[in-house]
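Enquirer: I have a structure here, written as structure tokens, and I will follow up with some questions on it.
The values are calculated or read from the model by the stated rules, or taken from the named source; none is laboratory data. Everything numeric in this text was worked out from a predicted model, so none of it was measured. Here the Cβ is made from the backbone with ideal geometry for all residues, glycine too, and neighbour counts use every protein chain on show. Surface accessibility is based on the protein's heavy atoms, side chains included, excluding ligands, DNA and RNA. Shrake-Rupley method; radii C 1.70, N 1.55, O 1.52, S 1.80 Å.
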Amino acid sequence: MESKKIECDTYNYYGSKPEGEIQTREIHKSPSARVEKSRQLYFETKSSASVEFPYWYTRKWEELEGEIPIVRRAEALKAGFEHLTPAIFPGELLVLGKSHYLRGSYPMPWLSEAFFMAHEDRLYKDALEAGKVSADEVTTMGQGGGNVTKSIGNVLSIAGKFGLRKEEMPILLDVAKKWHNKSVDDVGHKYEQLVPGYHEKEEIMRAVICMFDSGYTLPQGREVMNYYYPLQYGIEGIKNICDEKLKQAAGYPGMDRIYFYKSVYTMLEGLQSWIKNHAEEAKLMASLEEDENDKSEYLEIAERLEWLAINPPRTFHDALQLVWIFHVAVLNEDAISGLSPGRLGQVLYPFWKRDMDKGILSRERSLELLECMRMKFTELDCFASMGVVGGVLSGNTFNNLCLGGLTKDGESAANELEMLILESAMTCDTPQPTLSLLYDEKLPEEFLLKGIECTKIGTGYPAWINNRVAMEFLLNNFKNEGMTLEEVRAWSIGGCLETSAGSWMPLDLDGVTHYIPGGSAPATSVGVHFISLPKVLEAVLFDGLDKRTGRRVYPAHGYNLESYEEVWKAFQEYFSLTVEVLTLTNNIQHDVWGKISPSIINSMLKPDCLETGKDISNKGSRYNRTFNVEICGGVNLVNSLASLKKNVFEEKNFSLATLKQALEENFGYISALETGSYSLTEQKQTQNFQTWLKTHKQCLDAPKFGNDNKYVDNIFKEWQEWFSGMCENYRSLYDEPLYSCQISVSTHGPMGAVTLATPDGRLGGTTFADGSVSAYPGTDQNGPYALFSSATCYNHASSQNSQLNMKIHPSVIKGREGARKFLEMIRAYLRKGGFHVQFNIVDSRMLKDAQQNPDKYRGLMVRVAGFTQYWVELGKQIQDEVIARTEYAEI
Amino acid sequence: MNHIDCKYYLATDVFKGICKRTKAKIKADEPACSDFEKAPKCKHCLHFSMKENNLGLCLEKATAYPDMQAVTCNDFAWK
């Protein structure tokens with residue numbers, strides 16, 4: 001077959017094409033020498049899994065057969081924590097991690113075990129048959145950085161990312177098999193089959209119309225931590241609260257409370273052992289140390305841990321260490337992505353200010369501690385399946401730290417510590433924690449310009465978030481659960497972009513009450529995970545079939561599709577069926593999760609679980625309307641609808657039958673899965689190319705979202721309003737209506753990979769447009785303000801979020817004048833009602849060079865969706881998409 | 001014996017680590033130096049009995065594996 005390269009630039013530009021040398025970013029800063037060493041160590045380190053925690057968890061679980069489930073789980077978790085091998089790495093000022101490896105994590109077979117089986121194992125084949133691993137098969141993992149992509153020597157590669165010592169594989173299989181028919185996955189699977197329409201659910205998963213199930217993959221996360229109780233009471237203080245509550249509850253109706261308090265108490269004992277084991281390790285390290293300064297640091301670490309195992313923090317350093325301990329503790333109780341520290345600079349400010357006033361802390365030391373914190377967050381890994389880790393998360397863990405916003409009484413909440421947090425994100429530019437700036441007109445200009453300075457560094461953070469839009473969404477969403485204007489100001493982002501409810505907690509320090517914000521709702525982005533809108537449209541056009549596998553996904557819709565209205569109606573019906581069956585099956589999964597694997601530590605932290613004695617799965621949180629419906633590929637859907645409407649039904653440029661044939665023949669191009677290139681650029685033609693040239697051009701020329709074109713924007717608005725409204729027709733496990741959520745994370749890669757060409761001219765297998773209101777690469781040709789008009793053609797407060805990614809050439813925003821211009825542009829978007837915008841400040845040619853020469857770019861980071869990641873750790877699908885995004889060479 | 005079996009081996013990942021005494025970066029599967037001291041692991045424990053497929057029994061009741069670290073195990077006793 002003769003093939004020819006598509007005649008199209010590799011890069012998409014708005015404005016003058018940059019010429020000359022590749023331009024680097026304007027600002028470069030460096031961390032302290034200590035942290036730079038830690039960063040280099042991190043760069044040399046591979047993602048590593050261990051079996052220690054799951055081994056001890058499972059062993060204790062088996063010993064306690066017949067025990068009350070939540071108490072049994074608490075004892076199992078306690079066994080896991082107290083047996084973790086302690087490790088303290090050179091130069092660390094903050095210690096403890098998920099396991100003894102620097103980038104350590106471990107499987108949790110009590111959630112799902114089939115994935116750990118060898119591919120030839122029957123359990124794995126069962127999972128394949130149920131459509132559970134379809135997303136894994138179409139996902140590409142990053143081939144560089146810390147990913148262990150191949151088995152080498154005594155190390156086995158799992159999911160193309162994690163290394164596991166060969167000698168641990170037999171015990172992993174042994175442990176995993178003990179959970180067969182007992183894990184959340186297996187038990188949930190048994191009961192979700194009771195849902196009428198379960199057959200469609202399996203076909204939906206197999207077709208990758210939905211990316212993954214909710215209850216056993218990442219059952220917690222996309223939420224905001226609440227550190228109040230440990231900061232106020234210390235661990236022993238919380239145990240005392242449990243003791244008191246136990247006495248009050250024992251024997252009285254509502255007996256579940258005593259099991260909950262007993263579980264929290266048990267868990268805290270496990271955490272105390274874990275902390276004390278690290279204190280002992282610090283003493284050992286001190287005993288081996290000849291350098292007096294290093295010896296003294298190890299002894300300080302030991303003393304701090306011994307104190308914090310019992311007591312509340314004394315200093316800012318103590319408080320930061322305790323926050324980190326509880327952050328890791330929650331991460332170790334479930335497979336979690338998107339556990340956000342929230343407005344940490346405001347939570348810790350009272351401790352920081354007190355130390356500064358006392359003269360026992362300097363700005364330099366504060367900055368170094370914050371850099372150390374960045375390294376600890378960056379070292380986090382989440383162990384899950386390839387489809388989840390690669391296809392959704394891109395190896396990221398989404399710990400979003402928010403800045404700005406308002407105080408309890410409605411004033412600017414920005415503070416000096418947050419200025420230092422921004423500075424540390426520039427000096428120590430690592431992916432985690434990512435930052436979000438909660439923009440409000442009340443924030444001071446100096447603070448906003450610091451945010452701009454950080455954005456300009458090119459790491460993709462802070463994302464700029466509209467405080468007022470989020471508050472409007474939350475007030476509306478949680479009004480039936482008593483949300484007030486004062487309380488809503490405590491909100492924060494959980495995960496990449498999930499607007500989450502918060503509360504003000506009364507931290508008492510030296511007799512003064514400081515109201516600190518913290519999360520008060522459980523996981524969001526649970527419910528219906530990522531429906532591929534272009535794939536649903538494909539099923540509409542082909543009467544319910546998945547053209548990739550040839551399998552029937554939906555019942556025939558019965559429409560002749562003779563009008564645009566019929567296409568739209570058939571789409572609504574298929575989409576509704578998808579949401580219905582996924583809501584019901586995921587409700588069952590989450591119910592099973594709450595019974596087998598309830599959250600104990602996170603429940604303890606979230607108001608008002610400790611007060612009421614109810615864990616999260618029993619609606620112990622103050623706010624519980626958190627189940628949502630996530631989508632992907634919205635802009636490609638809308639562009640496709642516009643093309644269908646115009647080309648097929650209005651101008652009759654070609655028939656629907658012709659279009660379907662063109663889609664099946666990929667407009668005369670080789671599939672992206674064959675070329676290995678996933679953006680519209682760099683595709684190769686087949687000999688059949690001329691047959692479809694005109695049709696393809698007409699599809700490409702149809703109106704495109706992102707140009708302030710009312711024809712397509714009205715379709716976008718109609719879709720948005722219908723989508724947000726229809727979600728309320730479905731009810732979560734907690735008997736609350738669902739709501740809409742619009743983030744793509746990395747799903748637009750694998751979901752695009754399984755989707756035929758689309759009526760908007762996108763070729764088969766290529767990646768969808770990112771985010772939710774980002775234009776499809778190269779189609780936004782009228783400048784940023786036209787893009788903003790399109791993006792704000794509907795009310796963003798009707799949804800949990802929206803997402804706009806932009807790529808800007810570094811020269812455009814250079815210097816003070818460039819910074820001012822940049823801030824005004826962001827303001828203009830947010831004032832129009834945009835919820836979120838974020839930026840890659842990069843020369844696209846650098847990304848292409850990095851793709852070809854990854855070894856030269858180990859530290860290069862890009863913004864993908866609501867997260868920043870090292871370029872070399874991204875899969876090719878996403879790399880190609882980021883390169884193809886329109887680069888603004890003018891704003 | 002290799003570095004991975006040494007008391008002073010601090011694993012950074014599954015391939016390599018740091019010597020707690022010398023601070024040198026070392027590979028897990030390379031031979032240990034003359035200062036080697038055994039790390040507490042199940043295979044060195046009095047209560048561990050080896051069975052088949054690289055698995056064994058702990059206290060004659062629970063499945064265990066020989067290379068599991070035992071620094072935090074209260075039942076560990078040197079053979």
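Enquirer: Would you kindly work out the equivalent ellipsoid of segment A:251-292 from its C-alpha gyration tensor and give its semi-axes, the square roots of five times the eigenvalues, largest first in whole Å?
Expert: The equivalent ellipsoid of segment A:251-292 has semi-axes of 41, 5, 4 Å.
Enquirer: Counting only pairs 8 or more places apart or on different chains, how many lysine pairs in segment A:742-867 have C-alpha atoms closer than 24 Å?
Expert: Lysine pairs meeting the criterion: 7.
Enquirer: If you don't mind, another one. Report the extension gain between A:Glu445 and A:Thr549 in nm, rounded to one decimal, defined as 0.36 nm multiplied by the number of residues separating them, less their alpha carbon distance.
Expert: That pair, A:Glu445 and A:Thr549, stretches by 31.9 nm at full extension.
Enquirer: How much accessible surface area, in Å² rounded to 10, belongs to the heavy atoms of A:Cys372 with a 1.4 Å probe?
Expert: Counting only protein heavy atoms, A:Cys372 exposes about 10 Å² to solvent.
Enquirer: Here's something else I'd like to know. Can you send over the solvent-accessible area of A:Met356, 1.4 Å probe, protein chains only, in Å² to the nearest 10?
Expert: The accessible area comes out at roughly 50 Å².
Enquirer: Tell me which trypsin sites (Lys or Arg not before Pro) from segment A:623-730 have a DSSP coil assignment and no more than 15 other beta carbons within 10 Å of their own.
Expert: Sparse-neighbourhood loop trypsin sites (Lys or Arg not before Pro): A:Lys652.
Enquirer: So, one more: Put A:Tyr229, A:Tyr857 in order of accessible area, largest first, 1.4 Å probe: what do you get?
Expert: A:Tyr857, A:Tyr229
Enquirer: Taking 30 Å as the cut-off for C-alpha to C-alpha distance, list the pairs among A:Lys697/A:Lys876; A:Lys547/A:Lys652; A:Lys166/B:Lys79; A:Lys46/B:Lys79 that go past it.
Expert: Those over the limit are A:Lys46/B:Lys79.
Enquirer: Once the Cα atoms of segment A:749-891 are picked out, what are the Rg and Dmax in Å?
Expert: 15.6, 46
Enquirer: When Lys and Arg each count +1 and Asp and Glu each count -1, what net charge do the other residues less than 12 Å away from A:Lys29, Cβ to Cβ, add up to?
Expert: With Lys, Arg at +1 and Asp, Glu at -1, the net is -4.
Enquirer: Spin-label point model (7 Å from Cα, Cβ direction): what's the A:Gln690 to A:Glu167 distance in nm?
Expert: Output for this residue pair reads 6.7 nm.
Enquirer: Turning to a different aspect of this structure: Near A:Lys201, which aspartates and glutamates are there with a Cα under 13 Å away, not counting those fewer than 8 places off in the same chain?
Expert: Hits, sequence-local ones excluded: A:Glu129, A:Glu192, A:Asp213, A:Glu580.
Enquirer: Shifting gears a bit: Hey, rough spin-label estimate for A:Ser563 and A:Asp701, points 7 angstrom out along Cα→Cβ, what's it come to in nanometres?
Expert: The two pseudo-label positions are separated by 2.8 nm.
Enquirer: Report in % the part of the accessible area of the protein assembly as shown that belongs to carbon and sulfur, leaving out ligands and nucleic acids; probe 1.4 Å.
Expert: 49
Enquirer: What ranking of A:Asp608, A:Asp780 comes out by heavy-atom accessible area, probe 1.4 Å, highest first?
Expert: From most exposed to least exposed: A:Asp608, A:Asp780.
Enquirer: Something else about it: Using the alpha-carbon atoms, what tilt in degrees (0 to 90, nearest 10) does helix A:467-477 show relative to the longest principal axis of chain A?
Expert: 90
Enquirer: If you don't mind, there's one more thing I want to ask. Over 31 Å between C-alpha atoms is what I'm after, so list which of A:Lys645/A:Lys684; A:Lys60/A:Lys98; A:Lys178/B:Lys23; A:Lys276/B:Lys43; A:Lys245/A:Lys283 land there.
Expert: A:Lys178/B:Lys23; A:Lys245/A:Lys283
Enquirer: Radius of gyration and Dmax for chain A's Cα atoms, expressed in Å?
Expert: Calculated on Cα positions, Rg and Dmax stand at 26.2, 83 Å.
Enquirer: Each residue of segment A:562-577 in turn: what ³J(HN,Hα) in whole Hz from Karplus with 6.51, -1.76, 1.60 and θ = phi - 60°, glycine and Pro shown as x?
Expert: 8, 9, 4, 4, 5, 4, 4, 5, 4, 4, 4, 5, 5, 5, 5, 4
Enquirer: Let me ask another. Take A:Arg365 and B:Ala24, extend 7 Å from each Cα along the Cα→Cβ direction, and tell me the distance between the two endpoints in nm.
Expert: Calculated label separation equals 3.6 nm.
Enquirer: Mind putting together the pair-distance distribution for segment A:575-672? All Cα pairs, 10 Å bins, whole percent per bin, short to long.
Expert: So the P(r) values, bin by bin, are 12, 25, 20, 15, 14, 13, 2.
Enquirer: So if R0 is 45 Å, what FRET efficiency would A:Asp608 and A:Glu664 give, r being the distance between their Cβ atoms, rounded to the nearest 0.05?
Expert: Efficiency, rounded to the nearest 0.05: 0.20.
Enquirer: In degrees from 0 to 90, rounded to the nearest 10, what is the angle of the helix A:634-643 Cα long axis to the longest principal axis of chain A?
Expert: Its long axis makes an angle of about 10 degrees.
Enquirer: Taking the full set of protein chains and a 1.4 angstrom probe, give the accessible area of A:Lys814 in square angstrom, rounded to the nearest 10.
Expert: 120
Enquirer: Something else now. Among residues other than A:Glu573 whose Cβ falls under 14 Å from its Cβ, what is the net charge (Lys/Arg +1, Asp/Glu -1)?
Expert: The answer is -4.
Enquirer: Continuing with this model, one more query. I'd like the orientation of helix A:228-249 relative to chain A: the angle between its Cα long axis and the longest Cα principal axis, in ° from 0 to 90, rounded to 10.
Expert: The answer is roughly 80 degrees.
Enquirer: Tell me, what is the Rg over Rh of chain B, with Rh the Kirkwood radius over Cα pairs?
Expert: Ratio of gyration radius to Kirkwood radius for chain B: 1.01.
Enquirer: Net charge around A:Pro219, counting only other residues with Cβ within less than 14 Å of its Cβ (Lys, Arg = +1; Asp, Glu = -1)?
Expert: -4
Enquirer: Given a 1.4 Å probe and heavy atoms of the protein chains only, how would you sort A:Ser811, A:Ser802, largest accessible area at the top? Present the calculation step by step, with values, prior to reporting the outcome.
Expert: Values: A:Ser811 55, A:Ser802 0 Å².
Listed by decreasing accessible area, they come as A:Ser811, A:Ser802.
Enquirer: What Kirkwood hydrodynamic radius, in Å, does segment B:40-79 give when the mean of 1/r is taken over all pairs of distinct Cα atoms and then inverted?
Expert: For segment B:40-79, the Kirkwood estimate is 9.7 Å.
Enquirer: How crowded by other chains is B:18-25, given as the mean number of beta carbons from other chains within 10 Å of each beta carbon?
Expert: Whole-number average of other-chain Cβ neighbours for B:18-25 is 3.
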